[in-house]
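The values are calculated or read from the model by the stated rules, or taken from the named source; none is laboratory data. Values in this document were obtained by computation on a predicted structure and should not be read as measured data. In this analysis, Cβ positions are derived from the backbone assuming ideal geometry, glycine residues included, and neighbour counts consider all displayed protein chains.
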Amino acid sequence: MSTQAPSLTSASHPPHKVFSISRVFAIASNTLLELVRLKVFYFLLIFALVLIGSSVFMINFSFQEQFQMLKDISLGAMSIFTWLLSVLATAMLLPKDIEDRTLYTILAKPVPRFEYLVGKLLGVLTLLLISTLIMAGLFAAVLYGRQEFVISQATTQAGAGATADQIADIVRSVKASTFTWSLLPAIIAIYLKAALFAALTLLISTFASSWIFTIVTSVAVYFIGNIQSVARDYWLADNGGTPLTKVFLALVSLLFPDLQLFNLVDDIVAGNAIATLLFLKTAGLGVVYVLVYLFLAYFVFAKKEL
Amino acid sequence: MKRIAIVFVALLAFGAARLPFERSLNEEHRAAFFRGAKLDLGLREQIGQGGFIAALSGFRSVVADLLWIQANTAWQNTEWGRMVVLFDGVTTLQPRVTLFWEMASWHMAWNASNWARDNPKQPREALRIKAQREYFELGRLYLERGIRNNPDKYVLYDRMGLLLRDKLKDHLGASEAYAKAAEFPDAPAYEKRFAAYELSYVEGREKEAYEMLVKLYHLGEQERLPTLLSRIGDLQEKLNIPKEQRIYIPPENNQ
């Protein structure tokens, strides 16, 4: 009979890793599952209603107007829904885990707090990705349906006397008003802005006293972030003003993100094409925002008394 | 509390680090015709506080559409003054949508002007004609502003050509507008023809127009349309082109 104690690093007990992708993945998938169980996808029904309703409502307008408005309203609704979802879903994460006491169970495993935060954020980002893809799919389906309807109407009106070239012209003209490749960066920009807000809301929730505070602060940051560039331009233009005003403008410029940089949708639906490099720079900035906010969230959460 | 203070300082430092990048990115966006809308107090008065906040929050296009729908209702009620206010709001919010400029101009120069010309409440014809011309001018102004905001698109030059030709009878202006539209690589082939047709009606520019038309004629069968042949025939007579240099114009195309 052996008297030797079993080794802690035996094959059945692999050494504890400082950072484990599988643990992060497990937390992320659980977070996603929890959010799905909260029936968050029901908002997609409202989105579908907005799409179909606006599509039917605009039937009296010219086809160019119809497509313009359909794109504006659909992408605007996507922007609102993904932003709201990112704020509301993230604001509830930490308070809910504390209330259910699952946070203590997870962190006692031991799971490093950084992995926990990364897993939580990834769960929300996956939810946002799925939502964005479904909304984009619905939007594409409605736009395609309208496009085909308009083409069939226009070709019927052109009559049997129309030549193949004239029909091709009609089809080309209708299609030019619907799908363009530039819609893709617009949808990615919507997702990036929502991801930025998920990370920012996570940061706020690490020191917030309640989820209501987190949501209210996030919403306030959203509105301030959209006019941050105005404050920044005024601050840097050296237009005079009292020192107090300058300090205030500097704080707004430095503390808040410039959300106008991610509002590409309004101009893309107007027919602007965005250069690849310019889009990559904007997207890269969005990723940097997410990483910085995540790191700062960990910095607060690492020593937070639970 | 100490950690929150450190986060505050870190956010300031991050803000300072990204400042030059964001400023240059902002400039690049503007150079690519993004963020061209001017959201000022004038617009605030036009679209109300709610619309202004929505526009500031990244929903300019949706607010513009709502105003456009209101303008459509105003059109059905022939409230031309209200339409102008709404069109100004729409085009300020979405200056890069050529459709809005084009439609605003069309409503003014075609619909409102016709209404003004036949206005039963105005017995004096001189005043009706004056009102009609004012609406033509309003239509032209929309296109001018639209072109200033969209110098990279041919479509508003084309519409300007149409308005100058059909409403203001300014053949030289129309020819210049069509010629400008024709410079764009994606412009339809008829822009060049239209530029030449309009120039052919301008006193003193007939020779130049004739040369343009002949050049188009030699491009091939696809350019030899009835109007082109008719304009060539007309100018050959007017310019006394020697018989041996003339292009044969079938009798059905001779005016």
Fill in the blank from the handout: Inside region A:92-121, the number of residues satisfying the requirement of being part of a helix (DSSP H, G or I) and either closer than 24 Å to B:Leu56 by Cα or β-branched (Val, Ile, Thr) (or both) is 5
Exercise for the section: State whether one or more residues within region B:104-123 are hydrophobic (A, V, I, L, M, F, W, C), in a helix (DSSP H, G or I), within 21 Å of the chain's Cα centre (by Cα) and surrounded by fewer than 18 Cβ atoms within 10 Å (Cβ to Cβ). Expected result: yes
Handout entry: Test: residue in region A:230-241 that is within 21 Å of the chain's Cα centre (by Cα) and closer than 21 Å to B:Val62 by Cβ
Key = no
Completion exercise
Of the listed residues (A:Phe207, A:Phe256, A:Phe262, A:Phe213), the one being surrounded by 14 or more Cβ atoms within 10 Å (Cβ to Cβ) and more than 9 Å from chain B (Cβ to nearest Cβ) is A:Phe213
Fill in the blank from the handout: Of the residues in region A:38-82, those that are among the aromatic types (Phe, Trp, Tyr) and either outside any helix (DSSP H, G or I) or facing another protein chain (nearest Cβ under 9 Å) (or both) come to A:Phe57, A:Phe61
Handout entry: Conditions (1) closer than 30 Å to A:Gln64 by Cβ; (2) among the charged types (D, E, K, R); (3) in contact (Cβ under 8 Å) with a residue 24 or more places away in the chain; number of the one not met by A:Asp165
Key = (3)
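Rundown of residues vs (1) modelled with pLDDT of 90 or more; (2) surrounded by 15 or more Cβ atoms within 10 Å (Cβ to Cβ); (3) polar (S, T, N, Q); (4) more than 16 Å from A:Ala28 (Cβ to Cβ), yes/no style:
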site	(1), (2), (3), (4)
A:Val87	yes, yes, no, yes
A:Pro95	no, yes, no, yes
A:Leu103	no, yes, no, no
A:Ile106	no, yes, no, no
A:Glu115	no, yes, no, no
A:Gly123	yes, yes, no, no
A:Ala141	no, no, no, yes
A:Glu148	no, no, no, yes
Handout entry: Restricting region A:265-284 to residues that are in contact (Cβ under 8 Å) with a residue 24 or more places away in the chain, surrounded by fewer than 23 Cβ atoms within 10 Å (Cβ to Cβ) and more than 7 Å from every other protein chain (Cβ to nearest Cβ), the residue that is nearest to A:Gln68 (Cα to Cα)
Key = A:Ala273
Practice task
Within region A:26-40, track down each residue that is under 12 Å from A:Gly119 (Cα atoms) and surrounded by 15 or more Cβ atoms within 10 Å (Cβ to Cβ).
Solution key: A:Ala26, A:Ile27, A:Ala28, A:Asn30, A:Thr31, A:Leu32
Completion exercise
Filter region A:227-253 for residues that are closer than 14 Å to B:Arg23 by Cβ and hydroxyl-bearing (Ser, Thr, Tyr); the one that is surrounded by the fewest Cβ atoms within 10 Å (Cβ to Cβ) is A:Tyr234
Problem - Selected residue [acidic (Asp, Glu), out of contact with any Cys (no Cβ under 7 Å at 6 or more places or on another chain), surrounded by 21 or more Cβ atoms within 10 Å (Cβ to Cβ) and farther than 14 Å from B:Thr98 by Cα] from B:Glu206, B:Glu176, B:Glu183, B:Glu198 - result: B:Glu198
Problem - Residue tally, condition more than 7 Å from every other protein chain (Cβ to nearest Cβ) and either in contact with a Phe, Trp or Tyr (Cβ under 7 Å, 6 or more places away or on another chain) or outside any helix (DSSP H, G or I) (or both), over region A:240-253 - result: 6
Exercise for the section: Out of B:Ala116, B:Ala64, report the one residue that is among the aliphatic types (A, V, I, L, M) and away from chain A (no Cβ under 11 Å). Expected result: B:Ala116
Practice task
Among the numbered conditions (1) within 22 Å of A:Asn272 (Cα to Cα); (2) surrounded by fewer than 15 Cβ atoms within 10 Å (Cβ to Cβ), tell me where A:Ile190 comes up short.
Solution key: (2)
Practice task
Could you tell me whether any residue of region B:32-55 is under 26 Å from A:Trp235 (Cα atoms), over 25 Å from the mean Cα position of the chain (by Cα) and at the interface with another protein chain (Cβ under 7 Å from one of its Cβ atoms)?
Solution key: no
Practice task
Search region B:220-240 for residues that are in contact (Cβ under 8 Å) with a residue 24 or more places away in the chain and pair each with any residue that is of a type in the set (Lys, Arg) and not in a helix (DSSP H, G or I) when their beta-carbon atoms are under 6 Å apart and the residues are at least 6 apart or on different chains.
Solution key: B:Gln236/B:Arg246
Handout entry: Failed item in (1) surrounded by fewer than 19 Cβ atoms within 10 Å (Cβ to Cβ); (2) in contact (Cβ under 8 Å) with a residue 12 or more places away in the chain; (3) facing chain A (nearest Cβ under 8 Å); (4) of a type in the set (A, V, I, L, M, F, W, C), with B:Trp75 passing the rest
Key = (3)
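Condition check ((1) within 21 Å of B:Asp152 (Cα to Cα); (2) out of contact with any Cys (no Cβ under 6 Å at 6 or more places or on another chain); (3) of a type outside the set (Val, Ile, Thr); (4) surrounded by fewer than 22 Cβ atoms within 10 Å (Cβ to Cβ)) across all residues:
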position	(1), (2), (3), (4)
B:Lys2	no, yes, yes, yes
B:Ala16	no, yes, yes, yes
B:Arg23	no, yes, yes, yes
B:Ala55	no, yes, yes, no
B:Gly58	no, yes, yes, no
B:Leu86	no, yes, yes, no
B:Leu93	yes, yes, yes, no
Problem - In region B:231-255, residue surrounded by the fewest Cβ atoms within 10 Å (Cβ to Cβ) [restricted to those that are closer than 18 Å to B:Lys207 by Cβ and polar (S, T, N, Q)] - result: B:Asn240
